[in-house]
Structures are given as structure tokens and as C-alpha cells.
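A quick write-up on the structure given underneath.
The values are calculated or read from the model by the stated rules, or taken from the named source; none is laboratory data. Just so it is clear, the model here is predicted, and its values are computed rather than measured. Note that each Cβ is placed from the backbone with ideal geometry, even for glycine, and that neighbours are counted across all protein chains shown. For accessibility, only protein heavy atoms count, side chains too; no ligands or nucleic acids. Shrake-Rupley method; radii C 1.70, N 1.55, O 1.52, S 1.80 Å.
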Amino acid sequence: MPSYEQLVEQLDPATTVLLTVECQQGVVGPDSALPELAGEARSSGALVRVARLVAGAHEAGVQVLHAVAERRPDGRGAGHNARLFRAAARLPVQQLTGTTAVHVAEPIEVAEEDLVVRRLHGLSPLSGTDVPALLRNLGCRSLIITGVSANVAIPNAVFDAVNLGHTAVVPSDAIAGVPSDYTPAMIRNTLALVATITTTDAVLACWKRPRRVRQG
């Protein structure tokens, strides 16, 4: 893990964005389409830590961006080229546009200044969405990536962020996947090679120091 001084430098509020990935009711909420994943996100404390990071970002003036996966009722534009997509189309809970399933889940609080980006296709919250342009316009240098799942969307987000020239920062206790022992193994053997691995408490400690706040 980086030293405190290194992390403080990386997480300057003026050039940092906090990304929550698929922290929506239909994924991590009580009526999730993926109850095993939802249970892991909650029992591990990852979802609560995401909420703490969002609250800390709001207080520190760090831009928060929520990436939501959804599907049109008629399925137009949705992918069918992966087993995951075909399985998701058969689930009893669908992430349909305009339904409560695509609302950001409690206890995460969405502030007026937060950005919510919705995608209708693909596996990544970055590739093929508005997120890269938004990050560029926000002057983002470091992208903190949180949420689910450590199996698919989180590594996609990390790789895409690095390929776009951002420093990817992953609080290891604010992401979740299944089974429970998969997440630490994936972090250790894959994400640690390309991202800064840290913790929720370490990120929040950095933001308690007075720093330059983002303008506009």
C-alpha cells in the first residue's frame, strides 16, 4: 500500500473523482436480482463503506459519480454476446429504466452535485459511456473505484481507467464479489498490479486535511 503522504498527493480533492459502480437497488438492495452478491456487499460491510466514502467526498468537495447499469423494457441496445447477458435477461428482477431497481441503494446518499451515468450495454462503467468525457472535463487524475462486482465490473473499470491515463485507486474494503474469498485473491493477483490499493479509512483520513477544493 502507498504511504500516507503518497496517498494524500494522489487524492487531492481538486483532481479526484469517486466512482460507485452498480450500487443500485436491483443489484445490492434487499430485492436484488443477485441475492448472493447483495448479501456479500452488505455482510462484508462494503456497501456501508461505499456510503462512508460518498459522504466523505461530499464533505471534502470531491466529485462523486454513480455508474448504473440498466435495460430498456424492450431490450433494445442490450448485448447478447456473453453468457452473463443472457442469464441476466432471465432473472426475476430486471434493471429496467425508470424503476426502483436502478435507483442508487441505501445507505448511499446521492447529492444534487453528484453525476449519475446510466448504461444500456456492455460490462464496463467507463467504456462506451459518458464517463470518460466527464472525467476529462472534471480534470480527473485519480479515480477511486468502489462497488460491485469484483468479478466483472470493478476490474473492467480499473483497466479502462488506467488505459485512459487516470490513476485507479481501489479501497479494497469497499468492493465486493462472489464468492467472498475471490475478491481478496483478485485484488492481490490482478488489481494490485495496475491500481493503488488502499482502505476506506485511509482515503477518508486524506480528505480530513485542508486541501484545494474543486471549482465548478
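Calculated from DSSP H runs of 4 or more alone, at -39500 (n - 2.57) each and per residue, what is the 222 nm mean residue ellipticity of the chain, nearest 500?
-9500 deg cm²/dmol
Sort Ser124, Ser43 from largest to smallest accessible area, using a 1.4 Å probe on the heavy atoms of the protein chains.
So, going from the largest accessible area down, we get Ser43, Ser124.
Using a cut-off of 15 Å between beta-carbons, work out the net charge of the residues near Asp181 (Lys and Arg +1, Asp and Glu -1, Asp181 not included).
Residues near Asp181 contribute -2 overall.
If you fit an axis through the alpha-carbon atoms of helix 153-163 and take the longest principal axis of the Cα set of the chain, what angle between them do you get, 0 to 90°, nearest 10?
Helix 153-163 sits at roughly 50 degrees to that axis.
Where nothing but the Cβ of Lys and Arg (+1) and of Asp and Glu (-1) is charged, how large is the charge dipole of the range 88-138 around its Cα centre, in debye to the nearest 20?
That gives the range 88-138 a dipole magnitude of about 420 debye.
Considering Cα pairs under 8 angstrom that are at least six residues apart, work out the relative contact order of the chain and quote it in whole percent.
Computed value for the chain: 31 percent relative contact order.
Based on Cβ point charges of +1 for Lys and Arg and -1 for Asp and Glu, what charge dipole magnitude is obtained for the range 31-190 about its Cα centre, in debye rounded to the nearest 20?
Taking the Cα centre of the range 31-190 as origin, the dipole is about 580 debye.
Stretch Asn81-Glu109 to full length: gain in nm at 0.36 nm per residue minus the Cα-Cα span?
Length difference between fully extended and current span is 6.7 nm.
Counting only other residues whose beta carbon sits under 11 Å from that of Asp130, what net charge do I get with K and R as +1, D and E as -1?
Once positives and negatives cancel, what remains is +3.
Ordering Ser180, Ser44, Ser149 by accessible area with a probe of 1.4 Å, largest first, what comes out?
Descending accessible area places them as Ser180, Ser44, Ser149.
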